[in-house]
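Remarks on the structure that follows.
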Amino acid sequence: MKSLIIATAAIASFASVAHAGPVTNLQFLEAARCRGLAGSENLGKLDTAALDTFLRTESGSREAPVRVSAQNKIQSAQKEADGADGEKKAKLIAEREGRCAAYIGGGAK
């Protein structure tokens with residue numbers, strides 16, 4: 001039931017981004033960073049299915065350098081999050097729950 005609520009919230013968030021106009025490269029890369037944070041076991045891994053679908057759909061209209069940069073951002077953010085502790089960990093969790101909420105739906109797995 002919790003997964004259904006999370007998926008519904010994520011879809012609603014993506015719909016609001018889509019209604020605001022096309023997703024810019026900057027927004028796409030921000031969503032990629034959020035994907036890396038959401039996938040971190042150290043921060044408390046979140047369900048990333050909706051975010052993965054969003055990134056996959058949006059990547060089709062991106063040039064190769066942007067797609068590569070997005071993959072790098074995912075890996076870099078996850079590595080940063082997996083190695084974080086103390087204040088850094090709290091800061092990354094706050095980023096994930098704040099700025100990233102529109103992309104990941106803000107729910108825990």
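The values are calculated or read from the model by the stated rules, or taken from the named source; none is laboratory data. This is a predicted model, so every value here is computed, not measured. Because the Cβ atoms are built from the backbone with ideal geometry, glycine has one as well, and the counts that use them run over all protein chains shown.
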Which condition does Arg33 not pass, out of (1) modelled with pLDDT of 95 or more; (2) surrounded by fewer than 17 Cβ atoms within 10 Å (Cβ to Cβ); (3) of a type in the set (D, E, K, R), if it passes all the others?
-> (2)
From the set of residues in segment 47-85 that are of a type in the set (Gly, Ala, Ser) and under 11 Å from Asn25 (Cα atoms), which is surrounded by the fewest Cβ atoms within 10 Å (Cβ to Cβ)?
-> Ser61
Of the candidates Lys89, Lys73, the one satisfying the condition of being at pLDDT 95 or above, part of a helix (DSSP H, G or I) and out of contact with any Lys or Arg (no Cβ under 6 Å at 6 or more places or on another chain) is Lys89
